[in-house]
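One structure is given below, encoded as structure tokens.
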Amino acid sequence: MLEANVHTPTKIESWLLASRPKTLPAAIVPVLIGSALAYSDGSFQVFTAIITLICSLLIQIATNFTNDLYDFLKGTDKKDRSGPTRVVTAGLITPTEMKYGVILTFGLSFILGLYLVSIGGWLILLIGVISILAGFAYTAGPYPLAYNGLGDIFVFIFFGLIGTVGTYYVQTQQISPLAFWSSIPVGALITNILVVNNYRDTDEDRLSGKRTLSVIFGKRFARLQYVFFMIISYLILVVVYFTFKQEVWIFLPVLTFPVSLKLIKMIYTLEGKELNSTLALTAKLSAMYAVLFSIGILL
């Protein structure tokens, strides 16, 4: 019998795979909401928002590259892993090529970020440098965050609080309580992307010595954490309504609630590779929520 042809990704396809497109809403969502808040205050800067978005995407991609490389070097990723293909482990990109990819993407984010520094000053420089260092330290360095139960905190702070408030600040030159509260559902929903990832990989991570929260506290904790972040994301709308924006439009994200219920059912019923669809839909939920929240803020 003839074997079915198996498509081998080209270099370009391999780099796109390494960037993990399904996770990139994590870089877009905070910039979208931060910019919507700036627009509602009459301080929206189109070019600044675009540069902020590009820098956010580059840092996210560079972090994914670093994760791909160092999970391979530490022996965490196996070829038969439950999650999507990791390009270095699969031999599609060499470790040396990936190292150059990490340097290039982090380097470009820093160079472009200098424009934002010229606008926002030392605070934006500090945020940018810390974000790059944290992105690298997520899986690399002497105390990798993802290997010591700190990945969730990293994601919540950098993609939620810093990403949203930082985007708002660089356009308005101020920090508002509304920007802070708006960053909480952003951080919660984006962190849930990581929660699904870690929940799916719990057994594999335990064997390889990667101590995620799901490994430390167990799968039941991970499921409860996922549900908790879902609930918080919608409860914050009540806080925003009564404290800042007393317009019913602010509740537009509630339209995504059926998707949240579907996802909760999925994380309680699916296992292994089946959870890859849960991860992808969790990322889509964060994007849908962000679009509706931004529209609500603008209206």
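Readers should treat all values here as calculations from the given coordinates under stated rules, not as data from a laboratory. For clarity, every value in this text was computed on a predicted model and none was experimentally measured. In this analysis, Cβ positions are derived from the backbone assuming ideal geometry, glycine residues included, and neighbour counts consider all displayed protein chains.
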Item to check | Separation between Cα centres of segment 222-282 and segment 117-186, rounded to whole Å | outcome: 22
Checklist entry - On alpha-carbon atoms, Rg over Rh for segment 128-167 using Kirkwood Rh? => result 0.99
Checklist entry - To two decimal places, what compactness ratio does the chain give when its Cα radius of gyration is scaled by 2.2 N^0.38 Å? => result 1.00
Checklist outcome for this item: Sorting Phe251, Ile119, Tyr70 by the position of each Cα along the dipole of segment 11-298 (Lys, Arg +1; Asp, Glu -1; all at Cβ), the one nearest the positive end of that ordering is Tyr70
Checklist outcome for this item: Expected sort for 191-198, 237-244 on mean C-beta neighbours within 10 Å, highest first, is 191-198, 237-244
Checklist entry - Dipole of segment 1-140, Cα-centred, from +1 at each Lys and Arg C-beta and -1 at each Asp and Glu C-beta, to the nearest 20 debye? => result 200
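How much length, in nm to one decimal, is gained on full extension between Thr243 and Leu255, taken as 0.36 nm per residue of separation minus their Cα-Cα distance?
2.2 nm
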Item to check | Of Leu32, Ile130, Val215, farthest towards positive along the dipole that unit charges on Lys, Arg, Asp, Glu beta carbons give segment 11-298 | outcome: Val215
Checklist outcome for this item: Given 25 °C, 0.890 mPa s and a Kirkwood radius over Cα pairs, the Stokes-Einstein diffusion coefficient of segment 8-129 in µm²/s is 156
Checklist entry - What percentages, rounded to whole numbers, describe P(r) for segment 134-290 computed over all alpha carbon pairs with 10 Å bin width beginning at zero? => result 11, 37, 34, 16, 3, 0
Checklist outcome for this item: TM-like helix rule applied to the chain (DSSP H, alpha carbon span at least 20 Å on the long axis, mean Kyte-Doolittle at least 1.0) gives 25-40, 46-73, 95-120, 122-137, 219-243, 275-298
Checklist outcome for this item: Candidates Ile267, Ile111, Ile157; GNM for the chain (alpha-carbon contacts under 10 Å) flags as most fluctuating Ile111
Item to check | Alpha carbon convex hull of segment 128-204, projected area averaged over orientations, nm² | outcome: 5.5
Checklist outcome for this item: About its Cα centre, the chain carries a charge dipole, from +1 on Lys and Arg Cβ atoms and -1 on Asp and Glu Cβ atoms, whose size in debye to the nearest 20 is 400
Checklist outcome for this item: Checked segment 60-198 against the a/c 1.5 cut and the a/b vs b/c comparison, axes a ≥ b ≥ c from its Cα gyration tensor; verdict oblate
